[in-house]
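Where a number appears in this text, it was derived from the coordinates with a stated rule and is not lab data. None of the values given here were measured: they were computed from a predicted structure. Cβ atoms come from the backbone with ideal geometry, glycine included; neighbour counts cover every protein chain shown.
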Amino acid sequence: MLTLILRRLMAGVVMILFVLSFNFFLFRVVESDPVGSLYRGRNISAEQRERIQERYGLNGSKPEQFVKYVREMARGNFGYSYANNRPVSTLIREKLWPTLWLVGISTLLSTLLGTIIGIWSAWHRGSWRDYLGTGTTMLLYAMPDFWLAMIVLVWFGREMGWFPLGGLEDPSSDAVGLTKLLENIHHLVLPGLVLTLSYLGEYALVMRSSLIEVMGEDYLTVARAKGLRDKFVRSRHAVRNAMLPVITLITLNFGFVLGGAIAVESIFSIPGLGNATLAASKGPDLPMLQALFLLFSVSVIVMNIVAEILYMYFDPRVRTR
Amino acid sequence: MTLLSVEELAVAYRTSQGTVPAVRGATFTLDPGETLGIAGESGCGKSTIANAMMRLLPDGTAVSGRILLDGEDILTMKPGRLRAVRWSELAIVFQGALHALNPVRRVGWQIGEAIELHERAISAAAVRARIASLLERVGLPAERADDYPHQLSGGQRQRVLIAMALACNPSVLIADEPTTALDVMVQAQVLELLQELRFAHDLSMIFITHDLSLLTYVCERIAVMYAGRIVEEGPSHEVFESPAHPYTAALAAAFPTIGDRASRMAPSGLAGDPPDPMDLPSGCAFAPRCPLVEDRCRTFDVQLTDAGDARRAACIHVPAATGPR
Amino acid sequence: MTATTSPPTERLASRRIAWIRRRRALADLWRRFRRDRPGLFGLVVLTLIVFMAVAAPLIADPARFDLLAVRDIEEWQSPNSSHWFGTDDNGRDVFAMFVHGSRVSLLVGLTAAAIAIVIGSLFGLTSGYTAGSWLDRVLNRVTEWFLVIPFLPLAIVLVSVLDEPTLFGLIKPGLGVIVFVIGITSWPGTARVIRAQVMSVKERLYVDRARALGANDRHVITRHILPNVTGLIVANATLTVPITILTESTLSFLGLGDPTRQSWGRILNEAKQAGAITRNAWWYYLPAGIGILLVVLAFTLIGQALETILNPKLRERES
C-alpha cells in the first residue's frame, strides 16, 4: 500500500507542475499586453514601461519570465496586485480566513446533515419519510445558491432583521476580541446557512442511492440472521459499505472549498477569496488571478490524493489486488 | 421428541404485480440429530421456507402457520427473544458466499460478531481462540481470520460461512444451497465437512438444494417440493429409488445412474416449466406436466397422504389417497 | 479469420429485425418510464418550459422589456392584470423578461451539455476500451487535470478575457464563449463514468467469446460495448444539463453573461443591482429563480428515472 501512496504523491507533484505551467501560460496568452491594458489611454514613457514590467516580472522572453515566475513562487513571492500594488501573498492571507471559515464549516455541516438525511431516506425507502427526505433534498439541490441567498437575505435579514445584510463586521462597532468574534459569527450565519443548504442536497442524494444499492446485499440478511438489531445492521454493515462513494465525494468537495462560494460571497459581501477572484477577473489582475488559481488547484490536487488514500483505507478490495 | 415442527406454513410475497404465494401450506418435522433434505426446482419455495424459519422475509410478507422450535412458535416470538434464538439455536448457511460476507470486514471479525452477540461477557482473547478453533474445525488455517472475503477462494468462503454458522453451537443448521456455486471437487469437500460436523456435534440439519443426488448422500429424510407445496416426503433412499409422486420420479430419472448404460444414453428430462405462482392451474399443480395425469387431477388437488412406512405423497395414484370416486 | 459476407437480402432482413427490436426496446423504455411518477412529472414540466421558450415571442412581446419603449411605464408595480409578474425599476415587464430569459438558459444549458457529453463520451470510450495502455494513461491524466482546475474561476477568467472570436472563429463573444467554457469544464464527470462502464463491459464473457469468434474491434465496439453504454450516456447527459444550467445562471448572475440577451441569471443580477432585496420586490426575484429550479429539477428527475431504468442494480428487487 505504501508504494501506491508514493505513486499517487508523485503523480500529484507532476500535476502541480502542470498547473503551474498552465497558470502561467494561460494568463500570458490570454492577455498579451498587460501593461498596455492597465494603463489604457495613458501615455507612459518607455522608461516607465520598463520599470513597471520589471516590477511585475513582465520583461524578458516568455521562457525567461516562466523561470523567474517559478523561482519567485518557490520563495513565496507571488508578485504584486495590479489593482492596489500590495503583495499578493498578503492579500491572499487576509482573504483566506473568511472563506475558510465560511465554506469549511458549511461543508462540514452539510456533509453531516446530508448523509444523515440520505441514510434515513434510504432505510425507509418508499415510505413517506423517503419522499419527504428525497423531495426536500432534490429541491435544495436544484436551487441556484445565489437565489437561495437572496431569499434568505430578504427573509431573515430584511424582514425579520435578525441578521445583518452583509459584510463580515459591523462598520460602526469597535468591538475587539471575543465580542468581535461573535460579531463575525453573527455575520456569517446567513451565508453559512445558504451554503449548507445548497451543498447538502448532493450528499443526501448520493448517500441514499449508495445505501439503496447496498441494501439488497446478502450479507445484510446474514447479519440480521445472526441476531443483530436492525439499527446495528444498518450502521455496522450497510452504512459502512455505502459510505465509500460518499467519502470520496466529501474529500473531493473539500478540495473545491476554497473556490466554492463565489456567488454567495458576492451577495453577502464577504471579503473572501471568492470575491477576490471576481474582482481580479475584472482587471484582469493577473498576479492575483494566478495566485488564486494556483491555490485552488493545489487544494484540489491535495484533496484528490487524500481521497484516494482514504478510499484505500476504507475499501480493502482496492488495497490487495 | 421433535426438535422442529413446521405446521401449515404459508408465505405470500407482496410485489408491485400483486401477491405471490411462494409457499402454500408446508408441514414437516425435524428430530434431534436428523438431517432433512428439501429438494425442488428454482422457485418452488424451498429458500422461502428457510428464510421464513429465521423470520428473514421482507417486510409486508404474509406468513401464516406455526414453526415450533422446542415447542416455542418462532412466528410469534417477541423481537428480543427472536434475536436471542437466532444463530444460537437456529443458524443458516447461504449460497453464493461472496455476497453473504461483508466485503469490507475481515472474516474473523464477522465470525466474532456472532459470538459476541450471544455471549456478552466473553473476553476478546476467548473470542479469538474460538474463531481459531472454528476455522480449524472447517479445515482452514487460523491465520485466515485476518483475511478479507475477496482474498479467499469460493470453497474457502463457504467454509467460513459454515464456521460462522457453528459459532454459537446451534441445535439446528439450515443449509440453503451451500454447494451450488462451487465446482464439483469443492462440492465434495464441503459435503464431507458437513457430514463430519453433523456427527461430531450431533447437529440437526435441513439441507436445501435442487440437486436430488446430493440429498441421498447427506440426508436421512427428503421432502420434495413443487409449486410451493411438499409433494412427497420420506426416507431418502426409498424416495429416490421408488418414488411415489411422478415429479419425484422425474427428478430422480434426470440423473443418469452410473453403470446403467440405458439411462446414460437417454437421460429423461421433464418437458415444460414450473407454473407461475400467480397463475396456478386448478387442481393438482403438477397436472400439466405429469406423465400419469388423469382427468380428475385437473379438478382435485390432492393433499399429502400416507404412502407407506413414514412416507407421504400428494398424488392421486397413492393407494390411500382419497379423491372423487 | 474474416466472417463470410451474407447476401444483401439477408442483411436487409437482419437489419429490419434489429430495427423492430430497437423500436420495441424504446416502447418498453417508455412504458417503464411512464410508471416512474417523479420522472413523468419532470418530463411534463420540461415540456411546458420548452414550449414556453420556443413560443416566447408569441407569448410575450419583447418590446415590453425594451428600455426605450417602457420609459412611460410605472416602475416597481406588483403583479396585476396588465403585468402578470409586475414591473422592474425601469418599468420593464418582468413576465416578458422571464419568458424570453428561458431561451438562453435552456439553449446554453443544452448546447453546453451536448459538448460536454460528446467530449466526455469520446474520452471515456477510448480510455475505457484501451484500458491500461499508454493512451488510456494519457487520457486519464488529462481528465484528472481538467477535474482539478477550479471551473468557476476558470469560467470567470475565460469569459471576461475572451472578448474576440477565437478558435477558427467558432467561439464568438457572448453566448459562444459561455457555451464553450461551460462545455469544456463539465465533461470530466461523464468521461469517468463512461470509462468505468466500458471497462466493465469489456471484461464480460460475451466480449471474449465474440473475439474468439473472430470479431474485430469495430464489431465489438458497435455491437457489444455501445449498446451497453448508450443508456448510461443518455442518463448521464440528462444529469449533466442541470450542472450546465446552474453554471450558466451563476455566470450570468455574476455579470459575465451575454449582455445583449435576457437570461434568468441576468434577471436575478439586475434584480439585485436594482435593490429588489431591500424593497422586497418578490415578483422580480422569485420567478427567475423558480424557473431555474424547475428546469433543473425536471432534468434531474428525468435523469434519475432513466438511470433507475437503465441500471439494473438500482431496480426494485423482484423476488
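In what sequence, highest mean first, do A:176-188, A:151-163 appear when ranked by Cβ atoms within 10 angstrom?
The most tightly packed comes first, giving A:151-163, A:176-188.
Please give the Cα centre distance for the stretch A:85-157 versus the stretch A:209-282, rounded to the nearest Å.
Using only Cα atoms, the two centres lie 11 Å from each other.
What percent antiparallel are the DSSP beta bridges of the protein assembly as shown, to the nearest 5?
The answer is about 65 percent antiparallel.
Quick check for me: using +1 on Lys/Arg Cβ and -1 on Asp/Glu Cβ, what's the dipole size of the protein assembly as shown about its Cα centre, in debye to the nearest 20?
1600
Among C:246-252, B:218-224, how do they line up from the highest to the lowest mean number of other beta-carbon atoms within 10 Å?
C:246-252, B:218-224
Assuming a viscosity of 0.890 mPa s and a temperature of 25 °C, what translational diffusion coefficient in µm² per second does Stokes-Einstein assign to the stretch C:186-259, Rh being the Kirkwood radius over Cα pairs?
169
Viscosity 1.306 mPa s, temperature 10 °C: what is the translational diffusion coefficient of the stretch B:100-169 from Stokes-Einstein with a Kirkwood Rh over Cα pairs, rounded to a whole number of µm²/s?
Diffusion coefficient, whole number: 135 µm²/s.
Find which of A:LEU197, A:GLY157, A:GLY167 sits farthest along the positive direction of the dipole of the stretch A:84-211, computed with +1 on the beta-carbon of Lys and Arg, -1 on that of Asp and Glu, about the Cα centre.
Towards the positive end, the residue furthest out is A:LEU197.
Stick to the Cα atoms of the stretch C:254-299, pair each with every other, and give me the Kirkwood hydrodynamic radius in Å at one decimal.
Here the Kirkwood hydrodynamic radius works out to 11.1 Å.
Per the Kirkwood definition applied to all pairs of different Cα atoms, how many angstroms is the hydrodynamic radius of chain A?
Evaluated over chain A, this radius sits at 22.8 Å.
Give me P(r) over the stretch B:26-129, computed from all C-alpha to C-alpha distances, binned every 10 Å, as integer percentages.
11, 37, 36, 16, 1
Taking Cα pairs under 8 Å and at least six residues apart, what relative contact order does the stretch B:67-165 come out at, in percent?
About 33 percent, as a whole number.
From the residues B:GLY71, B:LEU134, C:ALA288, which one has its Cα farthest along the dipole of the protein assembly as shown in the positive direction, the dipole being from +1 and -1 charges on Cβ of Lys/Arg and Asp/Glu about the Cα centre?
C:ALA288
Per-residue mean of other chain beta-carbon atoms within 10 angstrom of the beta-carbon, peptide C:35-42?
Mean partner shielding for this stretch: 1.
So what is the 222 nm mean residue ellipticity for chain C from helices alone, if each DSSP H run of at least 4 adds -39500 (n - 2.57) and you divide by all residues, rounding to the nearest 500 deg cm²/dmol?
After summing the helix terms and dividing by the residues of chain C, the value is -23500 deg cm²/dmol.
How large is the convex hull of the Cα atoms of chain C per residue, expressed in Å³ as a whole number?
Cα-based convex hull of chain C, divided per residue, equals 201 Å³.
Given N residues in the stretch A:146-281, what is its alpha carbon radius of gyration divided by 2.2 N^0.38 Å?
1.48
Per residue of A:212-220, what is the mean number of Cβ atoms on other protein chains within 10 angstrom of that residue's Cβ?
5
For chain A, with the dipole built from +1 on Lys and Arg beta-carbon atoms and -1 on Asp and Glu ones, taken about the Cα centre, which of A:LEU109, A:SER297, A:TYR311 lies farthest toward the positive end?
Result: A:TYR311.
Take every Cα-Cα distance within the stretch C:171-305, group them into 10 Å bins from 0 onward, and report for each bin the whole-number percent of pairs it holds.
Answer for the stretch C:171-305: a P(r) of 11, 28, 25, 17, 11, 6, 2, 0 percent.
Charges at C-beta only: +1 for Lys and Arg, -1 for Asp and Glu. How large is the resulting dipole of chain B about its Cα centre, in Debye rounded to 20?
Rounded to the nearest 20 debye, it is 600 debye.
Just list whichever of A:LYS226/B:LYS46; B:LYS46/C:LYS202; A:LYS231/B:LYS46; A:LYS95/A:LYS180 have alpha carbons separated by over 25 Å in the model shown.
B:LYS46/C:LYS202; A:LYS231/B:LYS46
Using alpha carbons only, how many angstrom separate the centre of the stretch C:30-103 from the centre of the stretch B:130-167?
Cα centroid to Cα centroid, the span is 66 Å.
Under the Kirkwood approximation for Rh and a Cα-based Rg, what ratio Rg/Rh is obtained for the protein assembly as shown?
1.05
Could you tell me the ratio Rg/Rh of the stretch B:57-116? Both radii from Cα atoms, Rh via Kirkwood.
Taking Rg over the Kirkwood Rh, I get 1.03.
Among B:305-317, B:50-62, C:61-73, how do they line up by average Cβ neighbours within 10 Å per residue, starting with the highest?
For the peptides B:305-317, B:50-62, C:61-73, the packing ranking is B:305-317, B:50-62, C:61-73.
Ranked by Cβ crowding within 10 angstrom, fewest neighbours first, how are B:PHE300, C:PHE123 ordered?
By the 10 Å Cβ count, ascending: B:PHE300, C:PHE123.
For chain A, what is the charge dipole size about the Cα centre, in debye to the nearest 20, if Lys and Arg each add +1 at the Cβ and Asp and Glu each add -1 at the Cβ?
1000
Kindly provide the Kirkwood hydrodynamic radius of the stretch A:220-274 in Å, to one decimal, from all pairs of distinct alpha carbon atoms.
This gives a value of 14.2 Å.
Report relative contact order for the stretch B:1-66 in percent, whole number only (criteria: Cα-Cα under 8 Å, sequence separation at least 6).
The normalised contact order for the stretch B:1-66 reaches 43 percent.
Taking beta carbons within 10 Å but only from partner chains, what does the mean come to for residues A:223-234?
Taking all residues of A:223-234 together, the mean is 6.
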